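The structure appears right after this line, and notes come after that.
The values are calculated or read from the model by the stated rules, or taken from the named source; none is laboratory data. Keep in mind that what you see is a predicted model, and the values were worked out from it rather than measured. Every residue, glycine as well, gets a Cβ built from its backbone with ideal geometry; the counts of neighbours run over all protein chains shown.
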Amino acid sequence: MGAKWQRFKIEIPKGYKPAERESIAQDIIDFIVNRSLEGKDKRNKKFTPGYSKGYAKSAEGSVAGKTVGGTPNMWLTGEMLSDLGDYLKHKDGEIEIGFVNGTESNAKADGNIRGTYGKKAPIKGGKYARDFLGITKKDLNNIIKQYPLEADELARLKNTLQEVLELTTIVGSGNAS
(Lines give C-alpha, C1' and ligand atoms only; values in the text may rest on other atoms or scores of the structure.)
Protein backbone atom coordinates (compact mmCIF):
# COMPACT_ATOMS: atom_id res chain seq x y z
CA MET A 1 0.00 0.00 0.00
CA GLY A 2 1.30 3.43 -0.88
CA ALA A 3 1.45 6.45 1.36
CA LYS A 4 -1.84 8.02 2.36
CA TRP A 5 -2.28 11.67 1.48
CA GLN A 6 -1.47 13.62 4.64
CA ARG A 7 -3.53 16.78 5.01
CA PHE A 8 -6.13 18.13 7.41
CA LYS A 9 -8.92 20.70 7.45
CA ILE A 10 -9.40 23.34 10.09
CA GLU A 11 -12.58 25.29 10.64
CA ILE A 12 -12.03 28.98 11.33
CA PRO A 13 -14.53 31.81 11.75
CA LYS A 14 -16.03 33.05 8.51
CA GLY A 15 -15.20 36.53 7.29
CA TYR A 16 -11.43 36.41 6.84
CA LYS A 17 -10.03 37.65 3.55
CA PRO A 18 -7.74 35.31 1.53
CA ALA A 19 -4.53 37.02 2.71
CA GLU A 20 -5.65 36.72 6.34
CA ARG A 21 -6.46 33.02 5.88
CA GLU A 22 -3.00 32.48 4.40
CA SER A 23 -1.40 34.26 7.36
CA ILE A 24 -3.41 32.16 9.81
CA ALA A 25 -2.39 29.01 7.90
CA GLN A 26 1.28 30.00 8.08
CA ASP A 27 1.00 30.59 11.83
CA ILE A 28 -0.57 27.13 12.21
CA ILE A 29 2.22 25.57 10.14
CA ASP A 30 4.88 27.36 12.20
CA PHE A 31 3.18 26.17 15.38
CA ILE A 32 3.11 22.54 14.19
CA VAL A 33 6.76 22.64 13.12
CA ASN A 34 7.92 24.18 16.41
CA ARG A 35 5.82 21.79 18.48
CA SER A 36 7.19 18.82 16.50
CA LEU A 37 10.74 20.01 17.07
CA GLU A 38 9.95 19.93 20.80
CA GLY A 39 9.02 16.26 20.41
CA LYS A 40 5.25 16.66 20.79
CA ASP A 41 2.32 15.32 18.79
CA LYS A 42 -0.85 17.07 17.63
CA ARG A 43 -2.32 16.76 21.14
CA ASN A 44 0.83 18.28 22.71
CA LYS A 45 1.84 14.88 24.15
CA LYS A 46 5.47 13.72 24.03
CA PHE A 47 6.35 11.35 21.20
CA THR A 48 6.94 7.91 22.66
CA PRO A 49 8.95 5.82 22.73
CA GLY A 50 12.37 7.23 21.90
CA TYR A 51 14.39 6.20 18.88
CA SER A 52 14.81 2.49 18.27
CA LYS A 53 18.22 0.88 18.53
CA GLY A 54 18.14 0.09 14.80
CA TYR A 55 17.41 3.69 13.83
CA ALA A 56 19.90 5.23 16.25
CA LYS A 57 22.66 2.98 14.91
CA SER A 58 21.71 3.45 11.24
CA ALA A 59 23.82 5.73 9.04
CA GLU A 60 21.07 8.38 8.98
CA GLY A 61 20.40 8.23 12.71
CA SER A 62 24.06 8.20 13.65
CA VAL A 63 24.99 11.17 11.44
CA ALA A 64 22.01 13.13 12.81
CA GLY A 65 23.09 12.42 16.40
CA LYS A 66 20.02 10.32 17.22
CA THR A 67 20.45 8.11 20.29
CA VAL A 68 18.57 5.08 21.61
CA GLY A 69 15.71 6.41 23.69
CA GLY A 70 16.38 10.01 22.61
CA THR A 71 13.40 12.34 22.19
CA PRO A 72 12.07 12.16 18.63
CA ASN A 73 11.68 15.60 17.06
CA MET A 74 10.74 14.90 13.44
CA TRP A 75 13.97 16.49 12.23
CA LEU A 76 16.54 14.62 10.20
CA THR A 77 17.20 16.70 7.10
CA GLY A 78 14.49 19.26 7.76
CA GLU A 79 12.96 18.62 4.36
CA MET A 80 9.70 17.01 5.50
CA LEU A 81 8.75 19.70 8.03
CA SER A 82 9.80 22.49 5.67
CA ASP A 83 7.47 21.03 3.02
CA LEU A 84 4.47 21.16 5.35
CA GLY A 85 2.05 23.61 3.83
CA ASP A 86 3.18 23.09 0.25
CA TYR A 87 -0.39 21.88 -0.12
CA LEU A 88 -2.62 24.72 1.07
CA LYS A 89 -6.23 25.41 0.22
CA HIS A 90 -8.59 27.82 1.88
CA LYS A 91 -12.06 29.19 1.56
CA ASP A 92 -14.31 31.22 3.82
CA GLY A 93 -14.44 29.41 7.16
CA GLU A 94 -11.89 26.71 6.31
CA ILE A 95 -8.18 26.09 5.84
CA GLU A 96 -6.64 22.87 4.57
CA ILE A 97 -2.95 22.23 5.23
CA GLY A 98 -0.73 19.31 4.31
CA PHE A 99 1.77 17.80 1.95
CA VAL A 100 1.56 17.52 -1.82
CA ASN A 101 0.16 14.08 -2.59
CA GLY A 102 2.68 11.65 -4.06
CA THR A 103 5.79 13.53 -2.87
CA GLU A 104 8.61 12.08 -0.81
CA SER A 105 7.75 14.45 2.04
CA ASN A 106 4.15 13.19 2.05
CA ALA A 107 5.44 9.60 2.21
CA LYS A 108 7.77 10.50 5.11
CA ALA A 109 4.95 12.26 6.95
CA ASP A 110 2.68 9.26 6.37
CA GLY A 111 5.33 6.88 7.72
CA ASN A 112 5.75 9.00 10.83
CA ILE A 113 2.03 9.55 11.41
CA ARG A 114 1.00 5.91 10.94
CA GLY A 115 4.26 4.39 12.20
CA THR A 116 4.81 2.40 9.00
CA TYR A 117 8.10 3.91 7.81
CA GLY A 118 7.85 2.30 4.37
CA LYS A 119 6.31 -0.97 5.58
CA LYS A 120 2.79 -2.23 4.88
CA ALA A 121 1.79 -2.23 8.55
CA PRO A 122 2.82 -0.10 11.52
CA ILE A 123 6.09 -1.18 13.10
CA LYS A 124 5.66 -2.93 16.48
CA GLY A 125 1.91 -2.36 16.53
CA GLY A 126 2.15 1.37 15.92
CA LYS A 127 4.17 2.30 18.98
CA TYR A 128 6.49 4.32 16.73
CA ALA A 129 3.64 6.34 15.23
CA ARG A 130 4.13 10.07 15.70
CA ASP A 131 0.94 11.87 14.70
CA PHE A 132 2.11 15.46 14.47
CA LEU A 133 -0.26 16.76 11.79
CA GLY A 134 -3.00 18.72 13.52
CA ILE A 135 -3.70 21.31 16.19
CA THR A 136 -5.83 21.43 19.33
CA LYS A 137 -8.80 23.77 19.51
CA LYS A 138 -7.10 25.71 22.32
CA ASP A 139 -3.91 26.24 20.29
CA LEU A 140 -5.95 27.20 17.22
CA ASN A 141 -7.95 29.72 19.27
CA ASN A 142 -4.71 31.30 20.52
CA ILE A 143 -3.66 31.83 16.91
CA ILE A 144 -7.10 33.08 15.78
CA LYS A 145 -7.10 35.68 18.61
CA GLN A 146 -4.25 37.41 16.80
CA TYR A 147 -6.55 38.02 13.83
CA PRO A 148 -9.61 40.02 14.88
CA LEU A 149 -12.25 40.11 12.19
CA GLU A 150 -13.14 43.57 10.86
CA ALA A 151 -16.63 43.34 12.40
CA ASP A 152 -15.14 42.46 15.80
CA GLU A 153 -12.61 45.26 15.52
CA LEU A 154 -15.32 47.76 14.50
CA ALA A 155 -17.47 46.71 17.47
CA ARG A 156 -14.49 47.18 19.82
CA LEU A 157 -13.77 50.62 18.36
CA LYS A 158 -17.44 51.56 18.64
CA ASN A 159 -17.49 50.56 22.33
CA THR A 160 -14.29 52.54 22.97
CA LEU A 161 -15.72 55.57 21.20
CA GLN A 162 -18.95 55.28 23.23
CA GLU A 163 -16.91 55.20 26.48
CA VAL A 164 -14.97 58.31 25.40
CA LEU A 165 -18.19 60.13 24.53
CA GLU A 166 -19.72 59.23 27.90
CA LEU A 167 -16.62 60.47 29.74
CA THR A 168 -16.62 63.66 27.68
CA THR A 169 -20.29 64.25 28.55
CA ILE A 170 -19.62 63.70 32.26
CA VAL A 171 -16.57 65.99 32.26
CA GLY A 172 -18.32 68.60 30.10
CA SER A 173 -21.32 68.76 32.44
CA GLY A 174 -19.15 69.30 35.51
CA ASN A 175 -20.20 65.98 37.09
CA ALA A 176 -16.72 64.43 37.07
CA SER A 177 -15.44 63.31 40.44
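Of all residues in segment 103-133 being of a type in the set (Gly, Ala, Ser), over 13 Å from LYS4 (Cα atoms) and surrounded by fewer than 17 Cβ atoms within 10 Å (Cβ to Cβ), which is modelled with the highest pLDDT?
GLY126
Output the residues belonging to segment 138-165 that are part of a helix (DSSP H, G or I) and at pLDDT 75 or above.
Those that are part of a helix (DSSP H, G or I) and at pLDDT 75 or above: LYS138, ASP139, LEU140, ASN141, ASN142, ILE143, ILE144, GLU150.
Looking only at residues that are in a loop (DSSP other than H, G, I, E, B) and in contact with a Leu (Cβ under 8 Å, 6 or more places away or on another chain) in segment 5-22, which one is farthest from GLU94 (Cα to Cα)?
Looking at residues that are in a loop (DSSP other than H, G, I, E, B) and in contact with a Leu (Cβ under 8 Å, 6 or more places away or on another chain), I get GLN6.
Checking the structure you have, find out if any residue of segment 77-93 is buried (at least 20 other Cβ atoms within 10 Å of the Cβ), within 20 Å of PHE31 (Cα to Cα) and without any contact (Cβ under 8 Å) to a residue 40 or more places away in the chain.
Yes, segment 77-93 has at least one match.
Take the residues in segment 50-62 that are out of contact with any Gly (no Cβ under 6 Å at 6 or more places or on another chain) and surrounded by 13 or more Cβ atoms within 10 Å (Cβ to Cβ); name whichever of them is nearest to THR136 (Cα to Cα).
So in segment 50-62, the residues out of contact with any Gly (no Cβ under 6 Å at 6 or more places or on another chain) come out as 52-54, 56-62.
So of that shortlist, the ones also surrounded by 13 or more Cβ atoms within 10 Å (Cβ to Cβ) come out as 52, 56-58, 61.
Working: SER52: 28, ALA56: 31, LYS57: 34, SER58: 34, GLY61: 30 Å.
Looking at the filtered set, the residue picked out is SER52.
How many residues does segment 10-39 contain that are surrounded by 15 or more Cβ atoms within 10 Å (Cβ to Cβ), within 14 Å of LYS137 (Cβ to Cβ) and more than 8 Å from the chain's Cα centre (by Cα)?
2
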